[in-house]
Amino acid sequence: MRILVTNDDGIYSPGLLALAEVAAAFGEVRVVAPDVEQSAMGQAITITRPLHYRATPMGGLEAYRVNGTPADCVVLGTHHWDRVDLVLSGINLGSNLGHEIWHSGTVAAAKQAALLGIPAIAFSALMNGREPEFDLLKPWVGRVLEALLREPRPFLINVNLPAKPKGILWARQSVRRYEGRIVPGTDPMGRAHFWFVAHPDHEPEEGTDRWAVGHNFIALTPLRLDLTDEARLSQAFQLAALAD
Ligand code: MN
């Protein structure tokens with residue numbers, strides 16, 4: 001099995017190495033990741049300048065860094081390595097729960113693979129002010145991979161790991177409320193500047209990804225590329241029928 005591994009934290013992230021090491025037990029691994037951090041870049045692709053590879057030493061694994069986004073890395077990686085069976089993204093330093101899925105470069109890399117028809121899984125680990133304990137999380141990532149590889153293909157799964165998992169749950173995306181806010185400040189030159197921050201300010205609903213991770217379960221959320229609002233669309237058909 002050919003497994004392409006990428007992330008959005010950049011080629012030197014300890015989370016990327018942890019994921020690549022776990023993946024190596026499941027097949028042939030190639031790492032293609034951004035040369036610098038690309039967090040919250042979403043599914044951006046680079047079209048106004050050329051992209052380049054550079055080989056990067058990574059504990060005996062074949063690895064390359066690219067001057068592009070996570071989505072670029074998936075497109076390039078699968079272009080130069082045919083018949084990739086699985087794309088893995090992460091392990092992100094920080095969760096990608098609920099609305100964070102919209103901004104995440106980690107999840108976007110998996111979505112890009114799904115666009116290409118390749119099964120993909122995004123992994124993100126909760127940060128509580130310090131780096132996740134990857135040695136503790138790696139056996140859990142292996143367990144998740146083992147379980148998800150039995151799923152019908154193709155699949156697109158968003159996986160979030162708590163600091164100390166006690167089990168694995170399937171969970172919905174939490175979408176009750178958007179937590180993004182702007183916090184204004186002043187820079188050393190006296191000019192106004194602005195930080196974009198996210199603060200969850202409500203209790204998550206039971207059965208959601210945020211709830212699961214908050215209760216120390218690994219959350220598995222199946223995603224789909226079709227964003228169509230089915231309920232509204234069927235309503236629109238009814239309205240169209242009325243107009244006739
Ligand atoms: Mn990141």
Please work out the Cα convex hull volume for region 41-117 and give it in Å³ per residue.
-> 109 Å³
In region 126-171, if every C-alpha pair distance is counted and binned at 10 Å from zero, what percent goes to each bin?
-> 22, 53, 22, 3
Karplus-derived 3J(HN,Hα) from phi for region 141-153 (6.51 cos²θ - 1.76 cosθ + 1.60, θ = phi - 60°), whole Hz, x at Gly and Pro, runs 4, x, 4, 4, 4, 4, 5, 6, 5, 8, 6, x, 9
Multiply the residue separation of GLU230 and ASP187 by 0.36 nm, subtract the distance between their alpha-carbon atoms, and state the gained length in nm to one decimal.
-> 10.9 nm
Report the percentage of all Cα-Cα pairs in region 1-141 whose separation exceeds 20 Å, rounded to a whole percent.
-> 37 percent
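Below 8 Å between Cα atoms, with a sequence gap of 6+, how large is the relative contact order for region 95-144 in percent?
Working: 24 pairs, mean separation 14.9, N = 50.
Once divided by the residue count of region 95-144, the mean separation gives 30 percent.
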In whole angstrom, the spacing between the Cα centers of region 44-87 and region 151-215 equals 27 Å
Order of ILE168, ILE121 from fewest to most other C-beta atoms within 10 Å?
-> ILE168, ILE121
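Convex hull volume of the Cα atoms in the chain, per residue, in Å³? Write down the numbers at each step before the final one.
On the way: hull volume 46.8 nm³, N = 244.
Normalising the Cα hull of the chain by residue number yields 192 Å³.
Could you put LYS111, LYS138, LYS164 in order, starting from the residue whose Cβ has the fewest other Cβ atoms within 10 Å?
Values: LYS111 25, LYS138 16, LYS164 12.
Going from sparsest to densest Cβ surroundings: LYS164, LYS138, LYS111.
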What would the Debye formula give as log10 I(q)/I(0) at q = 0.14, 0.17, 0.21 Å⁻¹ for the alpha-carbon point model of region 90-183, no solvent?
-> -0.54, -0.79, -1.17
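The numbers here are math on the coordinates, done by the rules we state, and not lab data. Keep in mind that what you see is a predicted model, and the values were worked out from it rather than measured. Glycine also receives a Cβ, built like all others from the backbone with ideal geometry; neighbour counts cover every protein chain displayed.
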